[in-house]
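Q: Take this structure first; my questions come after.
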């Protein structure tokens, strides 16, 4: 990516800050879910939901700062649009993490023990996936030759989360739990899957950006 050196460096730093807050939102969300799985108090889950919201809000603040810098012409026009799409996509990851934990805490969803191993596996995968997103985007800005491989890892992990989601839903509806509990649990699983889907979207944008940049 070609850019004015000083302002480009500033943008890269801001993007790094933004991705750090997105990752913080996802990590904090996962802590909240784990608290619920281990039978922690709902007050503790709600406190972590508030912390997730704060990380998402900080990500929003940095995103707006990035947008202001890009409007001032830190990058060439085509690159500005690509980077805006990537930043907005990453912002969507934080939003999805916030929505997942909000749903769990506000609805007081009691996830059955039969789902716990699959949910934990999905959360671990999502955390790792978001780390890959951060490294892929930062690699893109540096011109790192390993950027595409990192972005492809994001896609691979989305497939893993999708498989876990399908297994969890199958296991859930094969149980003798009341239908209302099944529906709430599935809706929570849906929200976890959305986090992974949005991370995959960012990875796809990174791959596209690399492809466009190549001669």
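Q: Tell me the label-point distance for the pair residue 13, residue 208, using the 7 Å Cα-to-Cβ offset, in nm and rounded to one decimal.
A: Rounded to a tenth, the inter-label distance reads 3.0 nm.
Q: Relative contact order for the stretch 108-203: what percent, with Cα pairs under 8 Å and sequence separation of 6 or more?
A: Details: 85 pairs, mean separation 39.6, N = 96.
The value is 41 percent.
Q: Among rounded, prolate and oblate, which fits the stretch 23-108 when a ≥ b ≥ c are the square roots of the eigenvalues of its C-alpha gyration tensor, a/c under 1.5 means rounded, and a/b larger than b/c means prolate? The partial results should precede the final answer.
A: Working: a/c = 4.11, a/b = 3.26, b/c = 1.26.
In terms of gyration-tensor shape, prolate.
Q: If I model a spin label as a point 7 Å beyond the Cα along the Cα-Cβ vector, how far apart are those points for residue 106 and residue 34 in nm?
A: The modelled label-to-label distance comes out at 2.5 nm.
Q: Helix-derived [θ] at 222 nm for the chain: sum -39500 (n - 2.57) over DSSP H runs of at least 4, divide by residue count, nearest 500? If you can, show how the numbers build up before the last one.
A: Details: 6 runs with 183 residues, N = 215.
Theoretical 222 nm ellipticity from helices: -31000 deg cm²/dmol.
Q: As an exercise, use a Förster radius of 35 Å and the Cβ-Cβ distance of residue 60 and residue 174 to find the FRET efficiency, rounded to the nearest 0.05. Can you show the working numbers first?
A: On the way: r = 40 Å, r/R0 = 1.15.
Efficiency at R0 = 35 Å is approximately 0.30.
Q: Here is a further query. Just rank 68, 171, fewest to most, by other beta-carbon atoms within 10 angstrom. Let's see the in-between values first.
A: Values: 68 11, 171 14.
With the fewest neighbours first, 68, 171 line up as 68, 171.
Q: Modelled label-to-label distance, residue 155 and residue 41, 7 Å Cα→beta-carbon offset: nm?
A: 4.7 nm
Q: While we're here: Report relative contact order for the stretch 36-139 in percent, whole number only (criteria: Cα-Cα under 8 Å, sequence separation at least 6). Could the numbers behind the result be given before it?
A: Values: 34 pairs, mean separation 42.2, N = 104.
Once normalised by length, the contact order is 41 percent.
Q: Cα atoms only: what Rg and Dmax, in Å, come out for the chain?
A: Cα radius of gyration and Dmax of the chain are 18.4, 62 Å respectively.
Q: Can I ask one more? Do you know the relative contact order of the chain, to the nearest whole percent, from alpha carbon pairs under 8 angstrom that are 6+ apart? Walk me through the intermediate numbers first.
A: Numbers: 272 pairs, mean separation 57.4, N = 215.
27 percent.
Only the coordinates and a few stated rules stand behind these numbers; no lab work does. Treat the numbers as computed from the prediction; the structure is a model and nothing was measured. Note that we place each Cβ from the backbone using ideal geometry, even for glycine, and neighbour counts take in every protein chain shown.
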